[in-house]
Every structure is written in structure tokens, then in C-alpha cells.
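Peer 1: Pasting a structure here, questions to come.
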Amino acid sequence: MKLKQIVLPLIVGSMFLSGCTTTEKKVDDTQEEVVAVVEESKDVAVDGLDQKTLSIRTIYFSFDDSQVQQDFIHIINAHALYLKNNSSQRIVLEGHADERGSREYNVALGEQRAKSVYRIMKMQGVSDSQVQIVSYGEEKPAASGMNESSWQLNRRVEIAYQVR
Amino acid sequence: MNNLFKRLLLICLICFYTPISYAELTIEITKGIDTAVPIAVVPFGWRTQGTELQPPLNLASVIQNDLSGSGLFKTLPENDMLTQPTEVENVRYRNWKALGQDYLLIGMVTKETERYKVQFQLFDIFKGVQLLGYRLTVSKRNLRRAAHHISDVVYQKLTGRKGVFNTRIAYITSGVKTDKQKIYKLLIADADGYNPRTITSSLEPLMSPAWSVDGKKIAYVSFENKHSAIYVQTLTTGKRERVAAFKGINGAPAFSPDGSKLAITLSRDGSPDIYVLDLNSKILRKITRSYAIDTEPSWSPDGSMIVYTSDRGGQPQLYLIPSVGGNPTRLTYDGNYNTRAQFSADGQSIVLVHGNQGDYRIAIMDMATRTINVLTAGRFDESPSFAANGDMILYAAHKYGKSVLSSISVDGRMERRLSFDKGDVREPAWSRK
């Protein structure tokens with residue numbers, strides 16, 4: 001599962017960069033959308049968004065806060081647009097919290113963060129059936145240090161594309 | 001101030017550093033009291049028709065660890081004993097008085113075919129009298145339980161309070177497997193950390209273990225299906241049942257005092273709320289109805305109330321609500337973060353996580369006066385759990401760059417740490433039986 005998640009941005013990235021020309025076997029499976037995405041990339045480019053934006057799949061949050069910060073809205077919008085145009089693509093929004101405070105409260109906080117991201121996507125027309133939410137609270141930290149530089153990496157929502 | 005604290009800590013460490021090591025676990029008294037009562041626990045005698053030179057278990061050593069681990073007693077090292085009597089005829093009170101001992105415990109183990117007869121006697125050195133004497137017969141398997149039982153009896157006789165040496169703890173560990181994949185385990189062990197056994201393990205997170213009051217079942221949260229679900233596992237059979245796997249959060253299980261219900265957190269209707277699930281009928285009743293986060297329920301001992309965490313006021317604070325639903329009352333006003341409450345067995349206090357200026361500490365609230373008393377000094381203390389007798393609190397803390405378990409007396413005077421060789425140990429839950 002972890003491997004698939006890592007491969008995906010490469011697929012999305014290469015779809016924008018080179019369309020169908022890539023010879024990677026994994027990309028062959030997604031041949032159909034590759035065409036669609038290449039078309040879509042024009043629109044994306046107009047908004048100043050590119051494959052680089054879509055390759056960002058982590059949204060960060062402030063302490064004990066589930067509001068999406070301004071800097072991340074365009075990233076969420078880019079994913080929303082991609083999802084809207086690829087209605088069979090599904091994602092999981094994984095909510096996370098830093099290690100401070102109690103664990104079940106952090107599960108709730110992580111879910112609220114994921115729901116904040118989801119609401120923005122929904123406003124862009126992403127369908128309910130494309131998005132699943134799961135919160136791991138502080139159980140799956142991205143960085144293990146007990147300091148702010150680690151914590152800020154852990155207060156996050158990960159947009160995980162599901163490989164069909 | 002900080003320096004003073006460090007020096008005090010150092011003194012405590014020098015005075016009370018008595019590591020006890022099992023294969024995986026180390027217990028050290030990190031803070032003790034100088035009024036600890038001196039007691040000599042003499043190695044038990046051994047009688048057998050067979051050829052074994054020693055009983056299968058050194059009971060005196062288990063009892064010594066129990067009593068000194070409580071922080072209330074200071075046990076005499078066996079090397080300092082002038083004599084090692086195993087029968088009352090050989091007890092000379094003046095020998096023990098000379099060694100500054102207040103109490104003396106002696107015993108004898110006799111093998112009778114497949115069972116073991118354990119006899120023990122406790123003496124008051126100053127009064128020169130026997131305080132108690134008992135005999136019990138156990139199987140080989142239960143010798144350790146017998147030793148803890150003796151510790152309980154001695155503890156109760158000398159402190160007037162019930163001992164908890166025969167109880168168990170549940171906890172979660174996470175470690176890295178050889179292929180760098182994380183593995184999560186739910187374990188239970190005896191209260192002294194001995195005899196750890198894995199209840200369940202998963203490559204996805206496990207969390208929030210909770211005991212039934214009778215000590216027969218454990219509820220916990222597992223993400224094994226990449227989604228949270230609540231399971232109830234019967235310890236004797238290993239049989240487990242998935243009791244909640246709704247859309248959204250399935251978390252924070254807590255058994256009702258009679259064991260028939262589980263208070264849980266679900267977010268199936270939107271925001272996380274407290275529900276009560278009847279384990280027999282599977283009927284679900286929604287208890288809280290806020291648009292905020294409501295989670296971490298704990299039952300009052302009479303089952304009438306539930307204390308829980310809610311951020312309905314903007315910050316997480318503790319609230320109290322009737323367990324059949326109703327109007328919540330806010331309990332905490334001191335500080336901007338008060339969460340994860342648990343009632344004591346007598347219902348007179350709750351233990352909680354108290355956050356203040358970035359530090360998270362374990363605190364006790366007296367339910368009559370509603371005052372909070374902060375017990376621990378850690379920065380990242382969490383998951384407090386009362387001992388059945390209410391004397392000690394077990395919690396998780398950060399030390400040496402990892403999560404360890406600690407226990408502290410409710411007056412804050414005694415503290416000990418249980419650290420394991422590998423990985424993080426967290427979310428301790430102390431059984432009531």
C-alpha cells in the first residue's frame with residue numbers, strides 16, 4: 001500500500017509531462033485517464049497550477065486547529081479539479097495530529113482536519129463517493145521528534161490516491 | 001528552581017535507584033519517601049520429598065519487589081540479614097531490632113505431590129508479636145499469584161488499604177520490524193510488569209485498551225482494516241467480537257461498571273459524540289449532541305454519570321453528563337486543556353491530562369471541591385489510569401526519546417518508571433481485578 005502511494009505522484013506527474021509516451025508498466029493500467037489528463041492540463045495551466053501542485057499531497061495545520069490555511073487552498077482546489085474530471089478516481093483523506101495531548105481527542109482533531117479539506121473539495125464539485133475519510137490521530141507521525149519542527153509535519157491531512 | 005529540582009531528583013535517584021530487571025522490562029523507583037517502613041522479607045524455606053534444592057519460584061523476592069515498588073516499604077537486602085529464619089521458633093526479635101527493622105515476614109513452601117503449600121507469618125518487631133499467619137495451597141502455575149497475594153495481605157495489614165499486587169496492566173507497544181514496517185501490539189502483564197503476553201497485534205495502529213471491571217474482557221480500537229473499529233476480546237478464550245465499525249470514528253471504548261454496556265465515540269452523524277452501546281441487545285443510544293468534539297468517556301462507579309472531553313467551549317475541557325443522556329455540566333475551568341478523564345473506583349476523584357503552556361501533566365480533581373491538583377512534572381504525560389485501590393496512577397510519559405510507563409502515588413510523593421527494551425510503550429490501563 002505504501003509503495004502504491006509513492007508510485008502515484010510519479011504517475012500523475014508523468015501524465016502531465018509526457019502524456020502517453022511513457023513506457024512504465026504501471027502507467028499502462030491508467031492509459032485511459034492519461035488522455036483526459038493531458039487535455040485537462042491546459043485548464044490547469046490557466047489557473048497557474050501544474051503537475052507540481054498536484055504532486056503536493058499533504059496539507060498542514062496549526063496546533064489544535066482544523067482550519068485550512070490560505071496557502072493550501074490552491075493545492076486542495078487542484079486535487080478537486082483533477083477528481084472532478086476523473087470521476088472514477090477515489091481518494092482517502094487521512095487526518096493526523098501531533099503527539100501532544102490525549103490520543104482519542106487527537107483522532108477527533110485529525111478527522112476534523114480531513115473534513116475541512118473535504119468541504120473545500122466538495123465545493124469544487126467532487127462527489128461524495130470519491131472521498132473516504134479516516135483519522136489516525138497521532139498514531140502515524142510523519143516525523144518522530146518531540147519538538148515543533150516535527151510536530152508541524154505531523155499536523156496534517158494526506159491525500160492518498162487509491163490505485164484501482 | 002530548576003537546579004534545585006534536578007538536585008532533588010539526583011538525590012532521589014541515588015537513594016532509591018533500585019532497578020529490577022525482567023527480560024524486557026525495567027522498574028526503577030525514581031522518587032521515593034524517606035519515611036518508607038523498613039521490613040525484612042526472609043527467603044522462604046523449602047521442604048520436598050524430591051531432589052529439587054529450591055522451590056520453582058523465589059517468593060520472597062517477588063514480595064520484596066512488590067513492597068518496595070509500592071514506595072511505602074524499604075526491604076532489607078538479604079545479604080544484610082544476620083539470620084534467615086523460616087519458622088517462628090527461630091525468630092529472635094532483637095536481631096531484627098538491631099537491623100532497624102519494623103516488621104519481619106517469614107515463610108515456608110512445602111511440596112505435596114503436585115501442589116505447593118505456602119505458609120507465611122508477619123511479625124511486629126517492636127511489640128514482639130505475630131500480626132498474621134496464613135497457609136495457602138496452590139499449583140506450580142499459581143505460585144507467583146500466591147506471592148502477590150501475600151504482598152496484598154501484608155500491605156493491607158500494615159497500611160489499612162487493599163493491595164493491588166495481583167492486578168494486571170494492559171498497554172500498547174509499537175516497534176519497528178526488521179523490514180522497517182511498524183508493528184503494533186496490545187499486551188497484558190501482571191501489575192509488576194512480569195509475564196507479558198500479546199493479546200493482539202497488527203501492522204496498523206491499535207489504541208485505547210479498556211478493561212471490563214471484572215477483568216475478564218478488554219475493549220480496544222484497531223485500524224486493521226484501514227478504518228477504526230472497536231473490538232471486545234475475552235481473555236480466557238481469546239475470542240473477539242467487532243462491536244462497532246461505523247463510518248467515521250469508532251473510538252474511546254469504556255465498559256460500564258456492570259459490564260453490560262460500552263460507552264464509545266462515534267462520528268457517524270458528523271461530529272464525534274458519545275454513545276452507549278448495549279453489548280447484549282446491540283442497541284445504541286446517543287448521549288451527547290454537540291457540533292463539537294465529544295470523546296473519551298469514563299463511567300462513574302455507580303454507572304449513573306459519564307465524564308468526557310468536549311471542545312464545545314472552544315478548548316477541550318471535561319464535562320459530566322447522565323449516562324442516559326441529558327444536560328452536560330462543565331467540570332474544568334482551570335487551564336486551557338483538560339482531557340482524558342477517568343473516575344477512581346470510589347468515585348471521589350477523577351484523574352486527567354492537564355495541559356498548560358505546552359506542558360501536559362497528570363492531575364487529580366477532587367469531585368467534592370472541584371479543585372485540580374497537578375501530580376507529575378513531565379512535559380508529555382498522558383493516558384492516566386487509577387489503580388483499583390486509588391493509591392497509585394499509571395500513565396505514559398516520554399523519557400530517553402521514547403514513550404515509557406510511569407506510576408505515581410496520588411499524593412505525588414512516590415514515583416516509579418517501567419521501561420521496556422524496545423520501542424514505545426503507551427496507553428496503560430490498570431485492571432480493577
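Peer 1: When the Cα centres of segment B:313-328 and segment B:104-180 are compared, how far apart do they sit, in Å?
Peer 2: Here the answer is 41 Å between Cα centres.
Peer 1: Note the direction-averaged projected area, equal to a quarter of the hull surface, for the Cα convex hull of segment B:323-433, in nm².
Peer 2: So the Cα hull casts an average projection of 8.2 nm².
Peer 1: Among the listed pairs B:LYS182/B:LYS216; B:LYS399/B:LYS433; B:LYS239/B:LYS261; B:LYS177/B:LYS226; B:LYS217/B:LYS399, give every one whose C-alpha distance is greater than 21 Å.
Peer 2: Beyond 21 Å: B:LYS182/B:LYS216; B:LYS399/B:LYS433; B:LYS217/B:LYS399.
Peer 1: Quick one: helix B:2-16 against the long Cα principal axis of chain B, what's the angle to the nearest 10°, folded into 0 to 90?
Peer 2: Result, in degrees: 40.
Peer 1: With point charges of +1 on the Cβ of Lys and Arg and -1 on the Cβ of Asp and Glu, referenced to the Cα centre of the protein assembly as shown, which listed residue (B:THR159, A:VAL107, B:ALA170) lies farthest in the positive direction of the dipole?
Peer 2: Highest projection toward the positive end goes to B:THR159.
Peer 1: First compute the accessible area of the protein assembly as shown with a 1.4 Å probe, then give the percent of it belonging to carbon and sulfur atoms.
Peer 2: Exposed carbon and sulfur together represent 49 percent of the surface.
Peer 1: Would you be so kind as to identify which of B:ILE364, B:THR332, B:GLY401 lies farthest towards the positive end of the dipole of segment B:301-433, taking Lys and Arg as +1 and Asp and Glu as -1 on Cβ and the Cα centre as origin?
Peer 2: B:GLY401
Peer 1: Also: Can you work out ³J(HN,Hα) from phi for every residue in segment B:138-143, in order, using Karplus 6.51 cos²θ - 1.76 cosθ + 1.60 and θ = phi - 60°, giving whole Hz and x for Gly and Pro?
Peer 2: 9, 7, 4, 4, 9, 4
Peer 1: Could you work out which residue, out of B:PRO253, B:PRO85, B:PRO272, moves most in a Gaussian network model of chain B, that is, has the largest mean-square fluctuation with Cα springs under 10 Å?
Peer 2: Of the options given, B:PRO85 has the highest mean-square fluctuation.
Peer 1: Compare each residue of segment A:93-113 in its chain alone against the assembly with all protein chains, and report those whose accessible area goes down by 30 Å² or more; 1.4 Å probe, heavy atoms.
Peer 2: The answer is A:ARG100, A:GLY101, A:SER102, A:ARG103, A:GLU104, A:TYR105, A:VAL107, A:ALA108, A:GLU111, A:GLN112.
Peer 1: Among B:ASP190, B:ASP311, B:ASP302, whose mean-square fluctuation peaks in a Gaussian network model of chain B (Cα, cutoff 10 Å)?
Peer 2: The residue that fluctuates most here is B:ASP302.
Peer 1: Calculate how many DSSP beta bridges within segment A:74-164 are antiparallel, expressed in % of all such bridges and rounded to the nearest 5.
Peer 2: If we restrict to bridges inside segment A:74-164, about 45 percent are antiparallel.
Peer 1: So what is the calculated 222 nm ellipticity per residue for chain B, using -39500 (n - 2.57) for each DSSP H run with n of 4 or more, over all residues, to the nearest 500 deg cm²/dmol?
Peer 2: Result for chain B: -3500 deg cm²/dmol, rounded to the nearest 500.
Peer 1: Enumerate by residue number the trypsin sites (Lys or Arg not before Pro) in segment B:351-406 meeting two conditions: DSSP loop (anything except H, G, I, E, B), and at most 14 other Cβ atoms within 10 Å of the site's Cβ.
Peer 2: B:ARG370, B:ARG379
Peer 1: Kindly compute the accessible surface that chains A and B hide from a 1.4 Å probe when together, both sides summed, and give it to the nearest 100 Å².
Peer 2: In total, chains A and B hide about 2500 Å² from solvent.
Peer 1: Please list B:387-395, B:330-338 highest first by mean number of surrounding beta-carbon atoms within 10 Å per residue.
Peer 2: Result, highest mean first: B:387-395, B:330-338.
Peer 1: On to the next question. Which value, in Å², gives the accessible area per residue of the protein assembly as shown when a 1.4 Å probe is used on the protein heavy atoms?
Peer 2: 46
Peer 1: Can you compute the equivalent ellipsoid semi-axes for chain B, i.e. the square root of 5 times each eigenvalue of the Cα gyration tensor, sorted largest first and rounded to whole Å?
Peer 2: With the √(5λ) rule applied to chain B, the semi-axes are 41, 25, 20 Å.
Peer 1: Cα-based Rg of the protein assembly as shown per 2.2 N^0.38 Å, rounded to two decimals?
Peer 2: 1.13
Peer 1: Multiplying the sequence separation of B:LYS117 and B:ARG145 by 0.36 nm and subtracting their Cα-Cα distance, what value in nm do you get?
Peer 2: Extending this stretch completely gives an extra 8.8 nm.
Peer 1: Ok, one more. What is the sum of charges, Lys and Arg at +1 and Asp and Glu at -1, for the other residues whose Cβ falls under 14 Å from the Cβ of B:ASP273?
Peer 2: Net charge in that neighbourhood comes out at 0.
Peer 1: Within segment B:85-183, list the chymotrypsin sites (Phe, Trp or Tyr not before Pro) lying in a DSSP loop whose Cβ has at most 14 other Cβ atoms in a 10 Å radius.
Peer 2: B:PHE126
Peer 1: Going by average Cβ neighbours within 10 Å, how do the peptides B:74-83, A:125-134, B:289-298 rank, with the highest at the top?
Peer 2: Sorting B:74-83, A:125-134, B:289-298 by mean packing, highest first, produces B:289-298, A:125-134, B:74-83.
Peer 1: Here is a further query. Within segment B:161-267, list the trypsin sites (Lys or Arg not before Pro) lying in a DSSP loop whose Cβ has at most 10 other Cβ atoms in a 10 Å radius.
Peer 2: B:LYS177, B:LYS180, B:LYS239
Peer 1: Can you give the average number of partner chain beta-carbon atoms within 10 Å of each beta-carbon in peptide B:201-213, as a whole number?
Peer 2: So the per-residue partner count for this stretch is 2.
Peer 1: Shifting gears a bit: Determine the relative contact order of segment B:379-433: mean sequence separation of Cα pairs under 8 Å and six or more apart, normalised by residue count, in whole percent.
Peer 2: Normalised by residue count, the contact order of segment B:379-433 is 36 percent.
Peer 1: What Kirkwood hydrodynamic radius, in Å, does segment B:13-159 give when the mean of 1/r is taken over all pairs of distinct Cα atoms and then inverted?
Peer 2: 15.9
Peer 1: Under the definition of Cα pairs under 8 Å and six or more residues apart, what whole-number percent is the relative contact order of chain B?
Peer 2: Once normalised by length, the contact order is 11 percent.
Peer 1: Which of B:GLN130, B:GLN315, B:GLN357 moves most in a GNM of chain B, Cα contacts under 10 Å?
Peer 2: Per the Cα network of chain B with a 10 Å cutoff, B:GLN357 tops the list.
The values are calculated or read from the model by the stated rules, or taken from the named source; none is laboratory data. As the structure is a prediction and not an experimental result, all values here were calculated from the model. Every residue, glycine among them, receives a Cβ derived from its backbone with ideal geometry; neighbour counts consider all protein chains shown. Please note that ligands, DNA and RNA were not included when accessible areas were found on the heavy atoms of the full protein model with its side chains. Shrake-Rupley method; radii C 1.70, N 1.55, O 1.52, S 1.80 Å.
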